[in-house]
Amino acid sequence: MEQLEGTKRVVIENVKPQINCGRFPAKRVVGEEMIVTADIFADGHDEVKAQVIFRNTSSGQDEWTAVQMEFLGNDRWETVFTPEEMGQYAYTIEGWIDHFYTWQKGLKKKFEAGQDVGVELLIGAELIEGAAGAHEGELRDKLYSVSHELRNGGSPINAVALATGTEVSQLMAENGVRDNITTYEKVLKLNVERKKALFSSWYEFFPRSTSQLAGQHGTFKDCERLLPRIAEMGFDTIYLPPIHPIGYAFRKGKNNNPTSQPGEPGSPWAIGAAEGGHDAILPELGTLEDFRHLVQQAKEHGIEIALDFAIQCSQDHPYVKEHPQWFKWRPDGTVQYAENPPKNTRTYCR
């Protein structure tokens, strides 16, 4: 049955972090602390408790993990949890009135003021018995034992000491009845990525410029020669421009010249030629197996290979003929190319 709004005495607001009112996920990396804060309060003088609950939804985790929040003062609460694996997490906040803790504080004040606490001890015994009824086995017996001592403990001093002691407080904090729990209206998202998403050192170079012979096109095998030096400088990621076949139509020349000379390789961002498009490799660089070998060799030096995700197409790209609907066509039957008048890059896209 859906909880009636009027029974929710606890108010939860100003929850952080939440990006654009919760429309987008917060981001952390594995092992990075996630600090959650909120304003949480209730009517009256009853004591409030709150917790953050979270789970890794991408791993199929159904159970929520709870982390108790700490009261900082002036209705502000905070807690920290640390995601230990990658994935998308869901998190929200629960708040409730802690009737037992409220009772404990009242009992202590009355006892210290010299008032009769006989009835108060009976109230506490009932609260503990309510918790015991929700459990079984050794825990149930332990709670009933505490209740019995409060009802028949004899000395008020001993009974109060027992009721407000660490053991009973912890027992009831973990196992006490929590009714009319208020759950924050939003289930927020958290994307947890690998540690390199937080920080890494990138080194960029053109594979075709790695040859030791002037005027000769470099290859993936030439790139491997540079790996030890790049690792020695402290880089953990190599960023490569597109490694796909380069178009011949309107090929650009040296030093950004709009017209190429025979033998000039063109711009690697003008992707696509008779040899293939985005799923092919420029033959001068080597084969797919050569590239895989480069990736493996880089890994052995603690380096990853990052490829430029470029969606540009030259006019020679197979997609122009195979998927003409992906491109913008001009009235003269040619494909519209990217330009910054009076300059143009002669690469094409939809």
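Only the coordinates and a few stated rules stand behind these numbers; no lab work does. If you're wondering where the values come from, they're calculated on a predicted model, not measured in any experiment. Heads up, the Cβs are rebuilt from the backbone with ideal geometry, glycines too, and the neighbour counts pull from every protein chain shown.
Can you compute the FRET efficiency between Glu300 and Gln212 using 1/(1 + (r/R0)^6), with r the Cβ-Cβ distance and R0 = 30 Å? Round to the nearest 0.05. The computed FRET efficiency comes out at 0.85.
Distance from the C-alpha centroid of segment 250-266 to that of segment 158-215: 51 Å, rounded to the whole angstrom.
From helices alone, the chain scores -8500 deg cm²/dmol at 222 nm; the rule is -39500 (n - 2.57) for each run of n ≥ 4 DSSP H residues, then divide by the residue total.
The modelled label-to-label distance between Ala249 and Thr82, using points 7 Å beyond Cα along the C-beta direction, is 5.7 nm. For the cross-link pairs Lys16/Lys196; Lys254/Lys321; Lys221/Lys299; Lys8/Lys142, the ones whose C-alpha atoms lie over 22 Å apart are Lys16/Lys196; Lys254/Lys321; Lys8/Lys142.
Multiplying the residue separation of Glu13 and Arg140 by 0.36 nm and subtracting their alpha-carbon distance yields 42.2 nm.
Highest mean packing first, where packing is the average number of other Cβ atoms within 10 Å per residue, the peptides 137-146, 103-112, 254-263 line up as 103-112, 137-146, 254-263. What percentages, rounded to whole numbers, describe P(r) for segment 184-325 computed over all alpha carbon pairs with 10 Å bin width beginning at zero? Binned Cα distances yield the sequence 11, 34, 30, 17, 6, 2, 0.
Along segment 29-43 the Karplus relation, 6.51 cos²θ - 1.76 cosθ + 1.60 evaluated at θ = phi - 60°, assigns HN-Hα couplings of 10, 4, x, 8, 5, 10, 8, 10, 10, 6, 9, 9, 7, 9, 6 Hz to successive residues, with x for each Gly and Pro. Of the labelled figures (1) 21, 32, 22, 18, 7, 0; (2) 29, 58, 13, 1, 0; (3) 33, 56, 11, 0, only one reflects P(r) over Cα pairs in 20 Å bins from 0, in percent as derived from the coordinates, namely (1). Averaged over residues, the count of other Cβ atoms within 10 Å places the peptides 75-82, 41-48 in the sequence 75-82, 41-48, highest first.
Relative to the longest principal Cα axis of the chain, at what angle does helix 137-152 sit, 0 to 90 degrees, rounded to 10? Approximately 40 degrees, to the nearest ten. Kindly express, to the nearest 10 degrees and within the range 0 to 90, the angle between helix 220-232's C-alpha long axis and the longest C-alpha principal axis of the chain. Helix 220-232 sits at roughly 40 degrees to that axis.
The listed peptides 220-228, 196-204, 242-250, 86-94, ordered by packing as a protection proxy, come out as 242-250, 86-94, 220-228, 196-204 (highest mean of other Cβ atoms within 10 Å first).
Placing +1 on each Lys and Arg Cβ and -1 on each Asp and Glu Cβ, with no other charges, gives the chain a dipole about its Cα centre of roughly 1780 debye.
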